[in-house]
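The values are calculated or read from the model by the stated rules, or taken from the named source; none is laboratory data. Since we're looking at a predicted model, the values are computed, not measured. Heads up, the Cβs are rebuilt from the backbone with ideal geometry, glycines too, and the neighbour counts pull from every protein chain shown.
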Amino acid sequence: MINSFCAPPLFPLGRAGWRTLATLLLVVGSVSGNALPAAAAQPLRVAIVAADRSPADGMDALSAALTQNFGFNLSPAPRALNTADAVIVHRGPGALSAADAAGWRAYLRSGKPLVLIAAAPDAWPTEPAFATDILGAKPGALFAHGAPLTVINLFPHPILSGIRRFETKQAFPLYSQLGDDAQMIMEGTAGEATAPLAWVRRRAEGRMAHFVFSHPSLFSDPAYQRMIGQAVLWAAQRPIPGAETVVQRTFMPESYPGAFAITLPNGPSLCLDPVRGGINYIWDGDFVDLRPRWITKQGEPARFFGEIFYHEKEWQPFRAPTPNAASDLRFRGYTLRAGIPEFHYQIGGRDVFETFSTGSTPGSLLRTFRVGPGRTTLWLNLEPQAKSEVTVRGLERDGPLASFGSPAGGEFTIEIRRKASLTP
């Protein structure tokens, strides 16, 4: 079952209305409650470090949960940095020797995963540009003067899979100046004020996730433990058990109103435009940020994070009965089958159903089409792509044109892969 995900309102919302709407958001995930996923088949080697760590800080409970529930092989940094697949850091490493500082600097620039908890720039004395270059934000005074949060909004992201709600009364600093590439996945409100509680970055130096809160009691909270464990999996580009496809009809950039934003559990993401009649673009990031659409009077397009590697411009590339015929594609709607959206079109009088899945390589997209019986030949114009490779099965291909003519109907697939030379 796919989780409920509210459509954007048809009228402007004030702050109070936005907060009410946001509380209805449920993150992706098929596991009920806060049940934890099974351990990964290939355990990750995870170095974990905390400035001024002591038994009272609760990190031992978090470490035990990550080992038991995710199968991580944990070891202390800095001696494990050279062999670690990922690193979890609470606040920062603190004062370091010259050799240890060099080891951290090498890791931060290696492209390996980094999960930060309550990051404090002053706990990174050997990295003066930590706040801007690594964290992507600057901490300030206590948010809302330390007042308790009234609402915590969880936005759709694989890191939050299976987590229905999260609560904390911890006071925390307000982080400001989030970088353009920082995607907020959790937000807190107190009165009329809002603050980021967690965000992710897809940097050239690797993926980073940051969680603002870190009270010792949270380290024993199953929901919090799950967030941290799934953040490690996400940053390491490992599949997250229980994550599901997310689909939302909204206002997307460079698209007609009512386009679909779709994100597969293990990528990629795409914009399907039923008016234009195809995929407008595919990007390598996570689900869109819908807040620009909801909190502005004019209704700004949803924002997405990541790089586009496939782009279509052809008006309704499906044609019948000839490749140059006037297009008559009609969008008939979509349904969910086991959480997977299936889109229904009529082209040349024939029923065509389309579903999406991850292709043969990570980050690729497999389009699967099911065609009903009919005598009309379907034609598809495959536009040249600078950043991706397109392969077809079940179609007769002649250069940029491909056709399906079986009167009995059948199935064909189109796989879109980012070119190997451009894969991060």
### Message
Among the residues of the stretch 368-386, what is the count of those that are surrounded by fewer than 16 Cβ atoms within 10 Å (Cβ to Cβ) and under 21 Å from K313 (Cβ atoms)?
### Response
3
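Any idea how many residues of the stretch 204-225 are assigned to a loop (DSSP other than H, G, I, E, B) and more than 14 Å from V87 (Cα to Cα)? Spell out the reasoning first.
If we filter the stretch 204-225 for residues that are assigned to a loop (DSSP other than H, G, I, E, B), which is where we start, we get 204-205, 212-215, 221.
Narrowing the set further to residues that are more than 14 Å from V87 (Cα to Cα) leaves 204, 212-215, 221.
So the answer is 6.
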## Note on the structure
Checked against (1) in contact with a Ser or Thr (Cβ under 9 Å, 6 or more places away or on another chain); (2) farther than 30 Å from W315 by Cα, T245 satisfies every condition except (2)
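Looking at the stretch 144-151, is at least one residue of a type in the set (A, V, I, L, M, F, W, C), touching a residue at least 40 places away in the same chain (Cβ under 8 Å), closer than 24 Å to F305 by Cα and not in a loop (DSSP other than H, G, I, E, B)? Before you say what the answer is, go through the steps one by one.
In the first step, residues of the stretch 144-151 are kept if they are of a type in the set (A, V, I, L, M, F, W, C); the result is 144, 147, 149, 151.
From the residues that got through so far, the ones that are touching a residue at least 40 places away in the same chain (Cβ under 8 Å) too are 144, 147, 149, 151.
Now restrict to residues that are closer than 24 Å to F305 by Cα: none.
No: the stretch 144-151 contains no residue that is of a type in the set (A, V, I, L, M, F, W, C), touching a residue at least 40 places away in the same chain (Cβ under 8 Å), closer than 24 Å to F305 by Cα and not in a loop (DSSP other than H, G, I, E, B).
Quick grid of which residues meet (1) modelled with pLDDT of 95 or more; (2) among the hydroxyl-bearing types (S, T, Y); (3) surrounded by fewer than 20 Cβ atoms within 10 Å (Cβ to Cβ):
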site: G242; (1), (2), (3): no, no, no
site: V246; (1), (2), (3): no, no, no
site: F251; (1), (2), (3): no, no, yes
site: Y256; (1), (2), (3): no, yes, yes
site: F260; (1), (2), (3): yes, no, no
site: P265; (1), (2), (3): no, no, no
site: C271; (1), (2), (3): yes, no, no
site: I282; (1), (2), (3): yes, no, no
site: G285; (1), (2), (3): no, no, yes
### Message
I'd like to check something: does the stretch 324-332 contain any residue that is among the small types (G, A, S), at pLDDT below 95 and in contact with a Ser or Thr (Cβ under 8 Å, 6 or more places away or on another chain)?
### Response
no
### Message
Any residue in the stretch 393-412 that is on the phi < 0 side of the Ramachandran plot sitting within a Cβ distance under 9 Å of a residue that is in a loop (DSSP other than H, G, I, E, B) and among the basic types (K, R)? List the pairs, counting only those 6 or more apart or interchain.
### Response
G405/R375; P407/R375
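Just wondering, is there one or more residues in the stretch 399-409 that are within 20 Å of V275 (Cβ to Cβ), at pLDDT 95 or above and not hydroxyl-bearing (S, T, Y)? Steps first, please.
Step one: of the stretch 399-409, the residues within 20 Å of V275 (Cβ to Cβ) are none.
Checked against the condition, which is being within 20 Å of V275 (Cβ to Cβ), at pLDDT 95 or above and not hydroxyl-bearing (S, T, Y), the stretch 399-409 yields no hits at all.
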### Task
Please name all residue pairs, on different chains or six or more residues apart, with Cβ atoms under 6 Å, provided the first residue is in the stretch 126-139 and is touching a residue at least 40 places away in the same chain (Cβ under 8 Å) and the second residue is in a loop (DSSP other than H, G, I, E, B) and surrounded by 19 or more Cβ atoms within 10 Å (Cβ to Cβ).
L135/A119
### Query
Is there any pair linking a residue in the stretch 253-276 that is within 29 Å of P239 (Cβ to Cβ) to one that is part of a loop (DSSP other than H, G, I, E, B) and polar (S, T, N, Q), with Cβ under 6 Å and at least six apart or on different chains, and which?
L264/T245; C271/S255; D273/S255
### Message
Just to verify a result, which residue in the stretch 321-338, among those that are more than 15 Å from L382 (Cα to Cα) and over 36 Å from the mean Cα position of the chain (by Cα), is surrounded by the most Cβ atoms within 10 Å (Cβ to Cβ)?
### Response
P321
### Message
Among the residues of the stretch 227-245, are any farther than 22 Å from E300 by Cβ and hydroxyl-bearing (S, T, Y)?
### Response
yes
### Summary
The lone condition E127 fails out of (1) buried (at least 18 other Cβ atoms within 10 Å of the Cβ); (2) in contact with a strand residue (DSSP E or B) (Cβ under 9 Å, 6 or more places away or on another chain); (3) farther than 30 Å from A243 by Cβ is (2)
### Task
Could you tell me whether any residue of the stretch 179-195 is free of Cβ contacts under 8 Å to residues at least 60 places away in the same chain and at positive phi?
yes
